[in-house]
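Data first, discussion second: the structure below is written as structure tokens.
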């Protein structure tokens, strides 16, 4: 039974992360920080569905789980493989009409299946991303970082999830909104008088990667998911999690973040 549990943990996580790398859809904070949020959400959901008491097997399970990467790398690709070419073209054109210039199409090696087209509106210091994933579908994010380190993201993803965010990072969810509607929501929610960091075509890749690394470092520093966060994730996914499952999930998270296990 012990061996079966360890195998389940290893294989189950691999399948979940491969199939759900974009579920949650850049729910976070700034263009890429949410991308980590999706992986983190999938990871927490996986831990929650371990129905058995892991107790004395916790350390063995920990050794089989693949930790989320501290950093990611955007790799240019020739094109995004849209499930509906006409719909993809229409979204691309609408984003472009809003003053966003296309940068490139990218894939992310650490998140198989995720593809996106990056855009930069340099006069407004704002980025946009038109993203797709085989399971998560297609969504649009409009995002920027403030000079003080805060961030604003507006997304039309249905999956934008219940994860905590660093202080000053705000996400506005507008399900099924068009790019034009997202842009209007972004301008309405931007902090008045707060300067934005430059957003340029040349810096899209590094800014995307840095935002991911920033949120990853924040999550690791706080020890992974909190109990309240895990409860919200479970409720959002319709999982009837017990207190024991929640506590074990938090314990595994803390161990992965380097905090060590609790005494059993």
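Note on segment 116-209: Kirkwood hydrodynamic radius from all Cα pairs is 13.6 Å, rounded to one decimal.
Given 10 °C and 1.306 mPa s, how large is the Stokes-Einstein diffusion coefficient of segment 77-151 in µm²/s, with Rh as the Kirkwood radius over Cα pairs?
122 µm²/s
Taking 0.36 nm per residue of sequence separation and removing the Cα-Cα distance, the residue 84/residue 175 pair yields an extension gain of 30.9 nm. Shape descriptor for segment 165-230: Rg over Rh equals 1.02 (Cα atoms; Rh from the Kirkwood inverse mean 1/r).
Readers should treat all values here as calculations from the given coordinates under stated rules, not as data from a laboratory. Every value quoted in this text rests on a predicted model; they were computed, and no experiment measured them.
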